[in-house]
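Peer 1: Next up is a structure, given as structure tokens.
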Amino acid sequence: MRVLRPLAAVVAAVLLAYLLTTVVHNRYYYFAAYVVLQYVVLATAWNILGGYTGYVNFGTAAFFALGAYTAVVLLKTWKAALLVMVVAGGAVAGLLGLGIGYLTLRLKGVYFSIATLALAVVLQTLIMNWDYVGGATGYYAIRPRTVPLFDDYVAFLFVVMVLLAALSLSVAWAIEHSRLGRGLAAIRDNEEAAECLGVPTLRLKLLATTLSGALMGMAGAPFPYFITYIEPASAFNLDYAVNSLAMPMIGGTASWLGPLVGAVLLGTAQQVATVTISSELNLLIVGVVLVAFVILAPEGLLGLVRRRQQRRPA
Amino acid sequence: MSEVLLEVQQVTKRFGGFQALSEVSLTIHAGERFGLIGPNGSGKTTLINCISGVLRPDAGRIRFRGLDITAWPAHRRTRLGLVRTFQIPRPFMSMTVLQNLAVPLEYAAGHADAGAQAWRLLEQLRLADKAHLRPAELTQIDLRKLELARAVAARPVLLMADEVMAGLSSGEVDEVLAILFALNAQGIAIVMIEHIMRAVMRFSERIAVLDAGVRIAEGTPEEIASNRDVEAAYLGV
């Protein structure tokens, strides 16, 4: 069964992650792994629109932060459960995604990208001036003291992020192996030809932007609990936009595996660099690696591997 | 004559101050072979763009199979059987020839067995041995054939072929002509937009002539060949 395979993979990943938390007790590993997994979600979500459909989104931070601030509102107003925050964060960011989907009617290529970047700036300004969620000074999110089955809240957040990462990868896998995926690829290759061959381009693009935005929002929803002190500058950090674009490019945008590979490699490298050298080095690493890949391996690591395999006589 | 398939009623299209089409009307019947000719810039492709839904006309109406489709998006027109090709082939570059055909088969024709249907089409257009190549590896004639095959895969009732033969050698023109005749024999009405007079005259049952956005003549190939206005439009006398 095609649906059962990714579903089984999700359950297996979450179970494995849970078992891990009963064995490994060093909190730092969960902090680091959470960040890497968060990038798996963001990169995969970015790739649904950027890689499959061909619309480059520079506004990842807007969707991520919208998820995070939706969580803040829910937390402050109703002391909502984390699950509710994740679902709501996804829904609100998905709505914003639907909105930028309509932008694709008029804006293509680099103009679309500029509009998404502008969107992040506008949204950040709004949040900065919204006192209820802390405005520019920020908001302290107090974690629940205990959580069933877990000794430590960070370990719990780690498992939640494993679930979200596995879910995003399943969504990407499912799109890739469906009629929807082939329709999105047709849009990426030639939108007008796709429309004239019966592909409902607007509906498919709206689906892609909504899904992509929703996944980014879901990734942002646990962020207040993770960081415990959230303020606009960190939630709207440019790192999110740059990384979620660079990771699929480095791994390869053609398949669901690419963003996973890119996020794990680049995300881990950044975590290691943060500890051993300096946290300021992160963006520099991304920049250098991205330039190297664009020049040497424009189809990412997966494309490089595929080409090597093809060259070998069968 | 057989039933009316497409009715273009006084379609007008302006680009800024430039009048590309002025109240152009056309009627095309089921199963017909129709030629659309005119000098460069006379509005042929603009008319096809309006009929296929790539452009919205500023005035006038378009009816297809009895439905007013003037405001329909292009993909719905395609699904109704009104299919066009592009003058400059626009293949899906990341896909193989076979995958290119799968898009209209899945989205327009709604084929459950898209694979078998795609192979059948490739056989018919003699592209089967290139099924697994990507468009970048194809020759000009094969790109044209792919463009045609993709349109046919959408299961057209009316096919608008926009200069599918431009730039081809004489032998290749004959090959594409034979394909178009075969498609017509299957019951598909075909509108041929073409500069190669030899092909249009041989193929069409009826021809309409556009000049500077105005339909200046319509008739059988013989009538068009002897028409004074057409001669003037082409030779500028």
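Results for (1) at pLDDT below 95; (2) under 17 Å from residue A:61 (Cα atoms); (3) among the hydrophobic types (A, V, I, L, M, F, W, C), shown as yes or no for each residue.
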residue	(1), (2), (3)
A:100	yes, yes, yes
A:150	yes, no, yes
A:160	no, no, yes
A:163	no, no, yes
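Peer 1: Also, I was wondering about something else. Go through the range A:177-199 and report how many residues are surrounded by fewer than 20 Cβ atoms within 10 Å (Cβ to Cβ), part of a loop (DSSP other than H, G, I, E, B) and not polar (S, T, N, Q).
Peer 2: Summing the residues that are surrounded by fewer than 20 Cβ atoms within 10 Å (Cβ to Cβ), part of a loop (DSSP other than H, G, I, E, B) and not polar (S, T, N, Q) in the range A:177-199 gives 1.
Peer 1: Residue A:254 fails exactly one of the following numbered conditions: (1) within 14 Å of another protein chain (Cβ to nearest Cβ); (2) more than 28 Å from residue A:119 (Cβ to Cβ). What is the number of that condition?
Peer 2: The one condition residue A:254 does not meet is (2).
Peer 1: As an exercise: evaluate residue A:135 against (1) modelled with pLDDT of 95 or more; (2) over 28 Å from residue A:16 (Cα atoms); (3) not charged (D, E, K, R) and give the number of the one condition it does not meet.
Peer 2: Failing condition for residue A:135: (1).
Peer 1: Moving on. Out of (1) out of contact with any Asp or Glu (no Cβ under 8 Å at 6 or more places or on another chain); (2) surrounded by fewer than 19 Cβ atoms within 10 Å (Cβ to Cβ), the odd one out for residue A:160 is which?
Peer 2: Failed condition: (2).
Peer 1: May I ask you to verify whether residue B:46 is within 27 Å of residue B:165 (Cα to Cα), more than 14 Å from chain A (Cβ to nearest Cβ), surrounded by fewer than 20 Cβ atoms within 10 Å (Cβ to Cβ) and hydroxyl-bearing (Ser, Thr, Tyr)?
Peer 2: Numbers: within 27 Å of residue B:165 (Cα to Cα): yes; more than 14 Å from chain A (Cβ to nearest Cβ): yes; surrounded by fewer than 20 Cβ atoms within 10 Å (Cβ to Cβ): no; hydroxyl-bearing (Ser, Thr, Tyr): yes.
No, not satisfied.
Peer 1: Moving to a separate point now. Answer yes or no: is there a residue in the range A:265-282 that is part of a helix (DSSP H, G or I), closer than 19 Å to residue B:94 by Cβ and under 20 Å from the mean Cα position of the chain (by Cα).
Peer 2: No, there is no match, as no residue in the range A:265-282 is part of a helix (DSSP H, G or I), closer than 19 Å to residue B:94 by Cβ and under 20 Å from the mean Cα position of the chain (by Cα).
Peer 1: Restricting the range A:186-221 to residues that are in contact (Cβ under 8 Å) with a residue 60 or more places away in the chain and under 19 Å from residue B:149 (Cα atoms), which is nearest to the other protein chains (Cβ to nearest Cβ)?
Peer 2: A:189
Peer 1: Is at least one residue of the range A:219-232 more than 20 Å from residue A:86 (Cα to Cα) and surrounded by fewer than 22 Cβ atoms within 10 Å (Cβ to Cβ)?
Peer 2: Step one: filter the range A:219-232 for residues more than 20 Å from residue A:86 (Cα to Cα), giving none.
For the range A:219-232, residues more than 20 Å from residue A:86 (Cα to Cα) and surrounded by fewer than 22 Cβ atoms within 10 Å (Cβ to Cβ): absent.
Peer 1: Given the residues A:260, A:266, A:245, A:215, which is the only one that is touching a helix residue (DSSP H, G or I) at 6+ places or on another chain (Cβ under 8 Å), crowded, with 19+ Cβ neighbours inside 10 Å and either closer than 20 Å to residue A:108 by Cβ or among the charged types (D, E, K, R) (or both)? Explain how you work it out, then say what you get.
Peer 2: Working: A:260 fails: either closer than 20 Å to residue A:108 by Cβ or among the charged types (D, E, K, R) (or both); A:266 fails: either closer than 20 Å to residue A:108 by Cβ or among the charged types (D, E, K, R) (or both); A:215 fails: either closer than 20 Å to residue A:108 by Cβ or among the charged types (D, E, K, R) (or both).
A:245 is the lone residue from the list that is touching a helix residue (DSSP H, G or I) at 6+ places or on another chain (Cβ under 8 Å), crowded, with 19+ Cβ neighbours inside 10 Å and either closer than 20 Å to residue A:108 by Cβ or among the charged types (D, E, K, R) (or both).
Peer 1: Counting only residues that are outside any loop (DSSP other than H, G, I, E, B), under 25 Å from the mean Cα position of the chain (by Cα) and more than 13 Å from residue A:233 (Cα to Cα), how many does the range A:127-144 have?
Peer 2: Within the range A:127-144, the first condition is being outside any loop (DSSP other than H, G, I, E, B), and the residues that meet it are A:127-128, A:131-133, A:139-140.
Subset that is under 25 Å from the mean Cα position of the chain (by Cα): A:127-128, A:133, A:139-140.
Those still in the list that are more than 13 Å from residue A:233 (Cα to Cα) too: A:133, A:140.
The qualifying residues number 2.
Peer 1: Further question: Among the residues of the range B:79-96, which ones are over 25 Å from residue B:140 (Cβ atoms) and within 8 Å of chain A (Cβ to nearest Cβ)?
Peer 2: Passing the criteria: only B:79.
Peer 1: When residue B:104 is evaluated against the numbered criteria (1) within 8 Å of chain A (Cβ to nearest Cβ); (2) over 20 Å from the mean Cα position of the chain (by Cα), which criterion, by number, is the only one it fails?
Peer 2: (2)
Peer 1: What tally of residues in the range B:146-166 results from selecting those that are over 11 Å from the mean Cα position of the chain (by Cα) and more than 13 Å from chain A (Cβ to nearest Cβ)?
Peer 2: Selection size over the range B:146-166: 3.
Peer 1: Could you identify the single residue in A:174, A:165 that is away from chain B (no Cβ under 14 Å), surrounded by fewer than 24 Cβ atoms within 10 Å (Cβ to Cβ) and not acidic (Asp, Glu)? Lay out the reasoning, then the answer.
Peer 2: Details: A:165 fails: surrounded by fewer than 24 Cβ atoms within 10 Å (Cβ to Cβ).
It is A:174.
Peer 1: Right, something else. Can you tell me which residues in the range B:71-99 are part of a loop (DSSP other than H, G, I, E, B), β-branched (Val, Ile, Thr) and buried (at least 18 other Cβ atoms within 10 Å of the Cβ)? First the steps, then the outcome.
Peer 2: Of the residues in the range B:71-99, the ones part of a loop (DSSP other than H, G, I, E, B) are B:71-73, B:80-81, B:85-96.
Checking which are β-branched (Val, Ile, Thr) leaves us with B:85, B:88, B:96.
If the condition is that a residue be part of a loop (DSSP other than H, G, I, E, B), β-branched (Val, Ile, Thr) and buried (at least 18 other Cβ atoms within 10 Å of the Cβ), then B:85 is the only one that fits.
Peer 1: Take residue B:143 and tell me if it is in a helix (DSSP H, G or I), buried (at least 19 other Cβ atoms within 10 Å of the Cβ), more than 11 Å from chain A (Cβ to nearest Cβ) and out of contact with any strand residue (DSSP E or B) (no Cβ under 9 Å at 6 or more places or on another chain). Walk me through how you get there before you give the answer.
Peer 2: On the way: in a helix (DSSP H, G or I): yes; buried (at least 19 other Cβ atoms within 10 Å of the Cβ): no; more than 11 Å from chain A (Cβ to nearest Cβ): yes; out of contact with any strand residue (DSSP E or B) (no Cβ under 9 Å at 6 or more places or on another chain): yes.
So residue B:143 fails the test.
The values are calculated or read from the model by the stated rules, or taken from the named source; none is laboratory data. Owing to the predicted nature of the structure, the values given are computational and were not obtained by experimental measurement. Cβ coordinates were reconstructed from backbone atoms using ideal geometry, including for glycine residues, and neighbour counts include every protein chain displayed.
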